[in-house]
Amino acid sequence: MLRVEGVSAGYGSFQALFDVALAVEAGEAVAVIGPNGAGKTSLLRVVSKLIEPRTGTIDFDGHDLAGLGADEVTALGMAHVPEHRRLFAGLTVEENLRMGAFLPAARKQFSTRLEHVYELFPRLAERRDQIAGTLSGGEQQMCAIGRGLMSGPKLLLLDEPSAGLAPVIVQQVFDMVQRIRSEGFTVLIVEQNIQQVLRVVDRAYLLEVGRIKASGAASELLASDDIRRAYIGL
Amino acid sequence: MGRLANLIGLVALLAVPMLGVSDYVLHLGITILIWGFVYTAWSLMGRFGLVSLGHGAFLGIGAYTVTMLWNHAGISPWLGIPVAVALAVLVAVLIGYPCFRFRITGHYFALVTLALGEIVLMLIVALRDWTGGSLGVTPASALSADVSFSLVALQVSSKGVFFYVAVGLWLLGLWVWKRVDSSMARYALEAANEQEDAAASVGVDVTRTKLTITVLSAALTALGGIAYGQYQLYINPETVSGIAKSLEIVFAVIAGGMYVRLGPTFGAAFTLLLAEGLRVAFGHDVHGLDGTIYGLMLVIFIIFMPEGILGRLARLWETRRAPTSPRTASA
């Protein structure tokens with residue numbers, strides 16, 4: 001479904017990604033793990049075309065993404081739930097979800113999808129009229145994921161959904177990811193919380209200073225001594 | 001209440017010239033309506049965080065293009081207006097596109113636009129052989145003792161007639177505001193204003209959305225400049241371009257309230273009556289007094305009433321009507 005090949009990208013004179021290759025098949029959940037500053041967020045931004053790659057190709061669902069803008073990529077069926085959630089803080093929960101269905105094709109399905117999101121996250125239904133900026137961190141993450149689902153994506157990109165949340169809430173966030181998986185969504189997730197994320201995905205890539213250093217089944221990586229020592233500290 | 005009150009208000013407004021009020025009152029009315037229209041045009045983008053400090057440029061482009069074409073080439077304003085508006089749109093795109101494409105937002109966007117009004121002013125002054133420089137220029141008059149109205153020159157000596165033109169223009173501004181408000185573009189603009197990345201990731205073409213509202217705002221502002229020129233039959237670079245004029249727009253809108261539809265118009269009435277009041281009370285004896293008072297009030301408004309006078313009133317009204325509502329007045 002997603003095929004990234006030879007992608008390099010950066011900001012100004014700074015290069016964040018070097019010759020990255022990665023693939024996600026339909027129905028899979030794949031994680032990109034790595035320490036702070038490894039380029040994980042840049043990788044997602046380049047995939048959803050929030051930034052242009054310098055070299056390399058990105059193919060999504062049979063479309064070459066070269067030259068497309070972020071809005072056009074969304075229209076092709078990719079939803080990016082950005083780092084730090086980036087809710088429209090002044091709007092209510094339901095208005096945020098409405099924004100998620102901004103595209104004309106999604107607007108038509110607004111009410112069915114809304115119902116579905118509320119089913120998936122009943123807490124959002126309770127808080128539908130609350131200003132999004134006043135939600136708790138976990139609820140905001142829920143709202144951000146819900147907003148992503150409203151466009152009816154084939155592929156959902158999640159950027160550090162556990163960042164900045166209390167440990168108890170982090171657990172809930174991974175439960176949410178699990179629930180989304182079981183709904184059949186294809187998910188590409190970026191995380192620092194390696195131990196947790198490897199329990200909910202099929203495969204993972206290890207990114208270090210802009211380069212893919214290892215990849216494999218989640219269970220293998222979880223068992224790998226190198227990764228345990230370097231990142232989990234066990 | 002809404003629709004009926006609007007209708008009554010409009011009928012009352014349209015009746016004003018028939019009540020035999022003095023030319024001075026009519027003049028105040030026309031001026032408030034024209035500037036109310038311009039301020040409304042500014043707020044179309046200003047309320048979405050696209051604060052332009054250079055809208056004087058569009059006023060100047062509008063007023064001077066039409067007058068120059070009429071004076072030097074004999075081209076009727078009927079043709080001059082579309083040319084002037086097109087020119088304003090072109091300038092808006094030249095400034096707006098790179099800003100939005102490269103995500104120059106907030107203060108940075110305001111600073112980019114700051115120079116714009118001044119550049120147009122300097123251009124007008126530099127081209128003094130055509131434009132009359134800082135002395136200003138009068139559109140070649142098609143009016144005389146016998147002729148009180150010229151359709152070709154779009155000149156009219158009766159203030160009563162021009163009052164209706166101004167009302168029409170002002171209603172156009174309010175109508176555009178309402179159209180924007182009830183469209184998806186409003187959501188897109190609010191989203192782009194709050195979280196540009198998130199807006200793009202739900203499918204908003206941020207650059208195009210911002211550019212559209214900027215172009216719309218610039219075009220209407222140019223129309224306002226044209227109307228002002230055709231009404232006063234005298235324009236001068238200081239009154240239709242430059243930083244001072246551009247900032248005057250911003251001040252009036254902040255005072256009136258840019259998040260409610262009538263806020264900019266209220267701001268126009270408020271600043272104009274304030275200036276007139278000061279002029280009547282102190283004459284021109286105390287030089288710079290109005291500027292000082294404006295500055296002082298601007299500080300007070302920004303600190304204590306950032307939503308403007310009308311915005312504050314609207315909010316008080318809302319909370320009084322629905323004290324338990326979790327949300328306060330939106331737009």
Original post:
For the residues B:F270, B:F109, what sequence is obtained by ranking on other C-beta atoms within 10 Å, fewest first?
Top reply: B:F270, B:F109
Subject >> Part-to-part distance (alpha-carbon centres) for the range A:82-118 and the range B:204-255, which is given in Å >> reply: 34
**OP:** Work out the charge dipole of the range B:21-240 with +1 on the Cβ of Lys and Arg and -1 on the Cβ of Asp and Glu about the Cα centre, then indicate which of B:S183, B:I75, B:L216 is farthest towards its positive end.
**Re:** B:S183
Original post:
Between B:N6 and B:E276, what FRET efficiency comes out of the Förster formula 1/(1 + (r/R0)^6) with R0 = 41 Å and r the beta carbon distance, rounded to 0.05?
Top reply: 0.90
Original post:
If you find the alpha carbon centre of the range A:179-205 and of the range B:121-197, how far apart are they in angstrom?
Top reply: 57
Subject >> Per-residue ³J(HN,Hα) for the range B:91-96, Karplus 6.51 cos²θ - 1.76 cosθ + 1.60, θ = phi - 60°, Hz, x for Gly and Pro >> reply: 4, 4, 5, 4, 7, x
Original post:
Relative to the Cα centre, what is the charge dipole magnitude of the protein assembly as shown, using +1 at the beta carbon of each Lys and Arg, -1 at the beta carbon of each Asp and Glu, and rounding to the nearest 20 debye?
Top reply: 800
Subject >> Taking only Cα atoms of the range A:40-91, radius of gyration then Dmax in Å >> reply: 11.9, 38
**OP:** Working from Cα positions, state the angle (0 to 90°, nearest 10) between the long axis of helix A:167-182 and the longest principal axis of chain A.
**Re:** 90
Subject >> Ranked list, fewest to most other Cβ atoms within 10 Å of each Cβ, for B:V202, A:V30 >> reply: A:V30, B:V202
**OP:** Arrange A:K108, B:K159, A:K40 by Cβ neighbour counts within 10 Å, fewest through most, would you?
**Re:** A:K108, B:K159, A:K40
**OP:** With label points built 7 Å along Cα→Cβ from the Cα atoms of A:R199 and A:D19, find their separation and express it in nm.
**Re:** 3.7
Subject >> 12 Å beta-carbon shell around B:G96, net charge (K/R +1, D/E -1) >> reply: +3
Subject >> In nm, spacing of pseudo-spin labels at A:R228 and B:L111 (7 Å Cα→C-beta vector) >> reply: 5.3
Subject >> Part-to-part distance (alpha-carbon centres) for the range B:271-319 and the range B:26-75, which is given in Å >> reply: 21
Original post:
For A:A26 and B:A142, what does the FRET efficiency come to when R0 = 56 Å and r is the distance between their Cβ atoms, rounded to the nearest 0.05?
Top reply: 0.20
Original post:
From a point 7 Å beyond the Cα of B:I303 in the direction of its Cβ, which residues of the range B:254-272 have a backbone N at a distance under 17 Å?
Top reply: B:255
**OP:** Determine ³J(HN,Hα), in whole Hz, for all residues of the range A:124-132 in sequence, where each value follows from phi through the Karplus function 6.51 cos²θ - 1.76 cosθ + 1.60 and θ = phi - 60°; x replaces Gly and Pro.
**Re:** 5, 5, 4, 9, 4, 9, 7, 5, 4
Subject >> Residues A:K154 and B:R320, FRET efficiency given R0 of 56 Å [Cβ-Cβ distance, rounded to 0.05] >> reply: 0.70
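FYI, it's all coordinate maths here, none of it is from the lab. As the structure is a prediction and not an experimental result, all values here were calculated from the model. Methodologically, a virtual Cβ is constructed for each residue, glycine included, from the backbone with ideal geometry; neighbour enumeration extends over all protein chains shown.
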